[in-house]
Amino acid sequence: MELKTARLTLLIDPAKKAAFERLCARQDLTPSQVVRQLIRDYLTQHGAAYIPSGVTGLPEPERPPARAQAARAGTVVAAKARKRG
């Protein structure tokens with residue numbers, strides 16, 4: 001079981017928040033349960049490796065070589081510059 005120790009604060013339109021809470025209640029889920037599942041699905045969809053808190057004995061996820069990280073960072077910066085330009 002994951003330990004829930006970190007807090008995520010977000011701003012949302014009050015009408016959307018109320019509709020979300022009503023839908024969660026109809027499905028007998030808490031908003032936190034739904035958001036945690038959405039985050040897990042998003043991480044999986046994008047191949048982001050993580051080790052859930054409370055899980056021990058697993059190896060650390062592999063990190064790409066520093067050169068690959070730097071190249072990826074340079075690509076993101078260049079793409080942002082093109083959008084502004």
Among the residues of the range 34-45, is any modelled with pLDDT under 85 and exposed (fewer than 10 other Cβ atoms within 10 Å of the Cβ)? no
Restricting attention to the range 1-21, which residues are surrounded by 10 or more Cβ atoms within 10 Å (Cβ to Cβ) and over 17 Å from Q37 (Cβ atoms)? K17, A18, A19
Restricted to the range 52-63 and to residues being surrounded by 10 or more Cβ atoms within 10 Å (Cβ to Cβ) and more than 13 Å from the chain's Cα centre (by Cα), the residue modelled with the highest pLDDT is S53
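The values are calculated or read from the model by the stated rules, or taken from the named source; none is laboratory data. This one's a predicted model, so the numbers in the text were calculated from it and none came from an experiment. Cβ atoms come from the backbone with ideal geometry, glycine included; neighbour counts cover every protein chain shown.
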